[in-house]
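Student: The structure's right below; bear with me while I get my questions together.
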Amino acid sequence: MAVNVVAIDGPAASGKSSAARLLAEALPGSVYVNTGSMYRAVAWKARRLGLDPKNPDPEKLASLLESTSMRFVPTPEGRELEVDGLLPGDELRTEEISAGASAVATIPAVREKLVQWQREMAEGNRIVMEGRDIGTVVFPDAKYKFFLTASPEERARRRLIQDGGNPSEEEIARVAAEIAARDKADSSRAVAPLRRAEDAVLIDNTGMTLAETVELLCEKIRRKVVLPYRVPYADTDQMGVVYYANYFEYFERFRNELLRACGYPYRVLEQEGIAMPVIEAVCRYKASARYDDELDITGFFAEASGVKVKIVCRIYRAGQLLVEGHTVHACVDMKTGRPTRPPRFVRDLLEPEN
Ligand code: DC
């Protein structure tokens, strides 16, 4: 698991660049990487060399990249992308370069090279990386994954306000249509289309301020519990895979850590007179785990209604979901043996299932 990576994906103008930049400032020692600017830089360099970035020639772009260097450098305006020792700055953000970036981003050789560089940027660094395919392709095993979105109208309004001025309803509708068309192009292309990774937390920030979005991201990061587990021989069966019933024990290991991370280890709950026996357990098997596999067991409190608590659990290997399931617990007052309301902290920590 890439424990040093926060991956943020989402459509154009969803606020992910600003949120990722502020998040990197809030997380000690983290650097912010805007991968969209790398695709823009390819279009920018192609344009400088007299190529048409909107109708890119894959072979020419591949050879152009062979003699290109990109790195993010600190500038008075924040971290900026340096291309072959030059700072293109605002030249990367013109309409022509936006359209060119969208076109060059469909070329497999370009994506391959940029993904390689993006992975190298995480070596020895804590990074907050933002783009379209970070949680799905670049770092499918990132510890923290988010998919940020907002309604097309809200995104159009933000884009227009960012460009200055007080947009009319017609302008908002026009830009919303352009944004929707670009979303369609980004999410329907054959290579690395924009989509939410299964395990990414979906955040629709329509109606939220930037500060609220960043606070929510920080809170989700603080709360995330992942238990690493290496499969011993003792857990496998004659077919060499983890015996199906063992996953329920893995769920329990995870629950223990989840409660501990919340500040209420199960033992403390029992000392306070609350037991949480399992009344339902569900497990869906998608792929097998084998001896010596390094698993990441994660999950969250999904529901608390009446006297019941539902805990979802998911088990991954290098970002691939192997098993998902849940347990439902009844909260019981150990003195009287009667059902009781779930502890307050559980109700405060509920996460929607997505
Ligand atoms: O985020 P942005 O608008 O600066 O991105 C510019 C273009 O690059 C956009 O059309 C999508 C594409 N892109 C991509 O395909 N993969 C990424 N990881 C980032 C951006």
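Student: How long are the three semi-axes of the equivalent ellipsoid for the range 224-336, computed from the Cα gyration tensor as the root of 5 times each eigenvalue, in whole Å, largest first?
Tutor: Working: eigenvalues 149, 37, 34 Å².
Result for the range 224-336: semi-axes of 27, 14, 13 Å.
Student: Would you please report the Å³ per residue occupied by the convex hull of the alpha carbon atoms in the range 311-354?
Tutor: Dividing the Cα hull volume of the range 311-354 by its residue count gives 105 Å³.
Student: A follow-up question, please. Hey, if you put +1 on the Cβ of every Lys and Arg and -1 on every Asp and Glu Cβ in the chain, which of Val191, Trp117, Gly319 ends up farthest toward the positive end of that dipole?
Tutor: Going by the charge dipole, the pick is Gly319.
Student: Is it possible to state the helix-based mean residue ellipticity at 222 nm for the chain, with each DSSP H run of 4+ residues giving -39500 (n - 2.57), the sum divided by total residues, to the nearest 500 deg cm²/dmol? What is it? Working shown, then result.
Tutor: Working: 11 runs with 130 residues, N = 354.
After summing the helix terms and dividing by residue count, I get -11500 deg cm²/dmol.
Student: Next question. Give the long-range amide H neighbours of Tyr144: residues separated by 5 or more places, or on another chain, with amide H under 5 Å away, using H modelled in the peptide plane at 1.01 Å from N.
Tutor: So Tyr144 has HN proximity to Val5, Ala7.
Student: Using only the alpha-carbon atoms of the range 159-299 as identical scatterers, what base-10 log of I(q)/I(0) does the Debye formula give at q = 0.09, 0.11, 0.21 Å⁻¹?
Tutor: Each listed q maps to, in turn, -0.54, -0.73, -1.35.
Student: Shifting gears a bit: For the chain, give the magnitude of the charge dipole about the Cα centre (Cβ charges: +1 Lys/Arg, -1 Asp/Glu; no others), in debye to the nearest 20. Please report the intermediate quantities before stating the final value.
Tutor: Details: 49 positive and 53 negative charges, 125 e Å.
Computed charge dipole of the chain: roughly 600 debye.
Student: What FRET efficiency do you get for Arg347 and Arg290 if R0 is 41 Å and r is their Cβ-Cβ distance, rounded to the nearest 0.05? Intermediate values should be presented prior to the final figure.
Tutor: Values: r = 39 Å, r/R0 = 0.94.
Result of the calculation: an efficiency of 0.60.
Student: Continuing with the same structure: Semi-axes of the equivalent ellipsoid for the range 72-164, please: Cα gyration tensor eigenvalues, times 5, square-rooted, ordered largest first, whole Å. Show your work: numbers first, answer last.
Tutor: On the way: eigenvalues 105, 75, 52 Å².
Value: 23, 19, 16 Å, ordered largest first.
Student: Please arrange Thr336, Thr213, Thr68 by how many other C-beta atoms lie within 10 Å of their C-beta, fewest to most. Show your work: numbers first, answer last.
Tutor: Details: Thr336 9, Thr213 22, Thr68 15.
Exposure proxy ranking, most exposed first: Thr336, Thr68, Thr213.
Student: Same structure, new question: Lys145: which lysines have alpha carbons under 23 Å from its alpha carbon, excluding same-chain residues fewer than 8 sequence positions away?
Tutor: Candidates past the 8-residue exclusion: Lys16, Lys113, Lys184, Lys220, Lys224, Lys286, Lys310.
Student: Using the Karplus equation 6.51 cos²θ - 1.76 cosθ + 1.60 (θ = phi - 60°), what ³J(HN,Hα) coupling, rounded to whole Hz, does each residue of the range 246-254 give in order, writing x for Gly and Pro?
Tutor: Once θ is set to phi - 60°, the couplings for the range 246-254 become 5, 4, 5, 5, 4, 4, 5, 4, 5 Hz.
Student: Oh, and also: Output the peptides 171-180, 158-167 sorted from most to least packed, where packing is the average of other Cβ atoms within 10 Å over each peptide's residues. Please report the intermediate quantities before stating the final value.
Tutor: Values: 171-180: 16.5, 158-167: 12.9.
Descending mean neighbour count gives 171-180, 158-167.
Student: Continuing with the same structure: For Glu212 and Ala234, FRET efficiency with R0 = 51 Å and r from the beta-carbon atoms, rounded to 0.05? The partial results should precede the final answer.
Tutor: Values: r = 47 Å, r/R0 = 0.92.
After rounding, the FRET efficiency stands at 0.60.
Student: Set the Förster radius R0 to 25 Å, insert the Cβ-Cβ distance between Asp204 and Ser168 as r into 1/(1 + (r/R0)^6), and round the FRET efficiency to 0.05. Let's see the in-between values first.
Tutor: Working: r = 25 Å, r/R0 = 1.00.
E between Asp204 and Ser168, to the nearest 0.05, is 0.50.
Student: Here is a follow-up. Under unit Cβ charges (Lys, Arg +1; Asp, Glu -1), what dipole magnitude, rounded to 20 debye, does the range 258-333 have relative to its Cα centre? Walk me through the numbers before you get to the answer.
Tutor: Details: 9 positive and 10 negative charges, 42 e Å.
In total the dipole reaches around 200 debye.
Student: Pairing the Cα long axis of helix 169-188 with the longest principal axis of the chain, what angle in degrees results, from 0 to 90 and rounded to the nearest 10?
Tutor: 70
Student: Return one number: the angle in degrees, 0 to 90 and rounded to the nearest 10, between the long axis of the Cα atoms of helix 152-162 and the longest principal axis of the Cα atoms of the chain.
Tutor: 50
Student: Then there is this: Using just the Cα positions, wrap the chain in a convex hull and report its mean projected area in square nanometres, one decimal place.
Tutor: Working: hull surface 85.6 nm².
Directional mean of the projected Cα hull area for the chain stands at 21.4 nm².
Student: So what is the relative contact order of the chain, in percent, for Cα pairs below 8 Å that sit 6 or more residues apart? Display every interim value, and only then the final one.
Tutor: Values: 605 pairs, mean separation 62.4, N = 354.
Reported relative contact order: 18 percent.
Student: Taking every pair of alpha-carbon atoms in the range 43-198, give the share separated by more than 18 Å as a whole percent. Intermediate results must be reported in sequence, preceding the final value.
Tutor: Working: 8048 of 12090 pairs.
Beyond 18 Å sits 67 percent of the P(r) for the range 43-198.
Where a number appears in this text, it was derived from the coordinates with a stated rule and is not lab data. Keep in mind that this is a model prediction, so the values were computed, not measured. Here Cβ is always computed from backbone atoms with ideal geometry, including for glycine, and neighbour counts include all displayed protein chains.
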